[in-house]
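Please treat every number below as a calculation from the coordinates, not as lab data. Every value quoted in this text rests on a predicted model; they were computed, and no experiment measured them. Cβ: placed from backbone, ideal geometry, glycine included. Neighbour counts: every protein chain shown.
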């Protein structure tokens, strides 16, 4: 993972309401946490920066690669206004945790409005890299709930 | 043509109903079906096992007691006046949860109006994993599959559509002509209370995409003939049944038939005429307006005066500051 890649991720996050983000790769791990406004990187380890003395064509390939990395991140959004629940009941385990792999059609959370419980399914196969809303908090229509890295 | 066993039983029940004022002889039955009297006797026994009460006399034959008909698909289906709700029913003597079963059927393509009915639920459920007490032989537990062609954002209004249908059905059965007439009231969003005690609950579950509803399952539990002793410890103070409040045993078959009819009527009205007529009907059952209520949400309690519901069905709460809060989920308590 190089700085360009992290920069892409930061750029991607900037346009969302993501407050916490974690991504693990064979060559490193990055965790980003922010309150409001610009994200600040609080922890990165071990980031491998590839030396890049070599000229343009190679550089371009690198850029394409990182663009692809951002493309691999998809959001699961809320189809309605309501309350976000991570588990079917307060006593049970959450449907999904950060780091879990999810399959298309797998339930990841419930959105409730007026006692209508909407079980939200993942629309893709992948790994949950971020959960954006806290249990029991209100969500808006179209608000991102999860970030999934496509498998 | 191959005649299956069920259809012979159904046919015998039909004939017994027609002749219920007197006995129907075994000989007449064996002649009608071209079967031996022993074979007829076996069918009668199997009909008894379905829950029908049949008097048998070797000299006179068989007579069906119409006063004590069982709660079965056959009974529900005869005289059901709906166009689609309950036209196809999956009935269970016992089941974990009718909502779970209905969702399973729906995800495999069950059509709009398909219903699951159970006599007993082992894991009857309420909101957020809560239990819905579901003893055998006395109550209604049913879940209906709907496939409305509306945006998922509007779907929560269906919970109020269901509340109106259930409240209207209950009102009809409590009105038995005697002087005392208890009235059903809705507690936002859709519990039905009589004299401040819960008599019916509705749990709605949806499967949707961003812009399309795959299906909605509306689960309805009504305490019909449940007695005080049947509630678990303490629950009798906050829950009740139609029989306890109205003083009369009510036919579950008649209740569910009218429930399906009212559900279909209000659902059609909602799809055609929008939410406003539903909002008006719902408000007529809402007796908490102007009263101080508490709303319990995850990790938070709000207090204020219940104003009513807005055009989406959200509860409006006037807080001390004068601010009107719009409530989308939570438990409302007086």
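Report, as an integer, the average count of C-beta atoms from other chains found within 10 Å of each Cβ along A:77-85. Kindly include the intermediate steps, with their values, before the conclusion.
On the way: counts 1, 3, 11, 10, 6, 4, 5, 1, 4.
What the average comes to for A:77-85 is 5.
Taking only the C-alpha atoms of region B:213-268, Rg followed by Dmax gives 14.3, 42 Å.
Report the calculated FRET efficiency for residue B:210 and residue B:326 (r = Cβ-Cβ distance, R0 = 30 Å), to the nearest 0.05. Display every interim value, and only then the final one.
On the way: r = 23 Å, r/R0 = 0.76.
That pair, residue B:210 with residue B:326, gives E of 0.85.
Binning all Cα-Cα separations of region B:84-154 at 10 Å, short to long from zero, yields these whole-percent fractions: 21, 46, 28, 4. Fewest neighbouring Cβ atoms within 10 Å first, the residues B:23, A:146, B:237 line up as B:237, B:23, A:146. The calculated FRET efficiency for residue B:93 paired with residue B:303, based on their beta-carbon distance and R0 = 51 Å, is about 0.70. Label sites at residue B:50 and residue A:150, each approximated as a point 7 angstrom past Cα along Cα to Cβ, lie 5.5 nm apart.
What does the structure give for B:202-210 when I average, per residue, the other chain Cβ atoms found within 10 Å of the residue Cβ?
The per-residue average across the peptide is 6.
Where the convex hull is taken over the Cα atoms of the protein assembly as shown, what is its projected area averaged over directions, in nm²? Walk me through the numbers before you get to the answer.
Details: hull surface 127.2 nm².
The orientation-averaged projected area of the Cα hull of the protein assembly as shown comes to 31.8 nm².
Here residue B:79 and residue B:183 are evaluated by their C-beta separation; at R0 = 30 Å the FRET efficiency comes out at 0.65. Against chain B, whose longest principal axis is taken from its Cα atoms, helix B:252-273 shows a tilt of about 50°.
Largest first and in whole Å, give the semi-axes of region B:8-64's equivalent ellipsoid, each being the square root of 5 times a Cα gyration tensor eigenvalue. Kindly include the intermediate steps, with their values, before the conclusion.
Working: eigenvalues 40, 34, 24 Å².
Working through the eigenvalues yields semi-axes of 14, 13, 11 Å.
Sorted ascending by nearby beta carbons within 10 Å, beginning with the fewest, B:211, B:312, B:191, A:125 become B:211, A:125, B:312, B:191. Per-residue extension of 0.36 nm, minus the Cα-Cα distance of residue B:310 and residue B:150, leaves a gain of 55.7 nm for this segment.
Roughly speaking, what is the stretch gain from residue A:135 to residue A:16, that is 0.36 nm per residue apart minus the C-alpha to C-alpha distance, in nm to one decimal? Can you show the working numbers first?
Working: separation 119, 0.36 × 119 = 42.84 nm, distance 1.87 nm.
Gain on extension, residue A:135 to residue A:16, equals 41.0 nm.
Taking the longest Cα principal axis of chain B as reference, the axis of helix B:37-49 is set at about 20 degrees.
Of all alpha-carbon pairs in region B:73-283, indicate the percentage at a distance above 26 angstrom.
Values: 6294 of 22155 pairs.
Beyond 26 Å sits 28 percent of the P(r) for region B:73-283.
Just want the ordering: B:181, A:74, from fewest to most Cβ atoms lying within 10 Å of their own Cβ. All intermediate terms of the calculation are to be shown ahead of the outcome.
Working: B:181 11, A:74 16.
With the sparsest Cβ surroundings first, the list reads B:181, A:74.
Counting only the Cα atoms, region A:103-151 fills a convex hull of 74 Å³ per residue. Computed from Cα atoms alone, the Kirkwood hydrodynamic radius reported for region B:247-308 is 14.8 Å. Sort all Cα-Cα distances of region B:288-333 into consecutive 10 angstrom bins from zero, then give the percent of pairs in each bin up to the one containing the longest distance. Pairs per bin, as whole percents: 31, 61, 8.
Determine the shielding of peptide B:149-159 by partner chains: average, over its residues, the number of Cβ atoms on other chains within 10 angstrom of each Cβ.
Values: counts 0, 0, 3, 8, 8, 1, 6, 11, 3, 2, 5.
The per-residue average across the peptide is 4.
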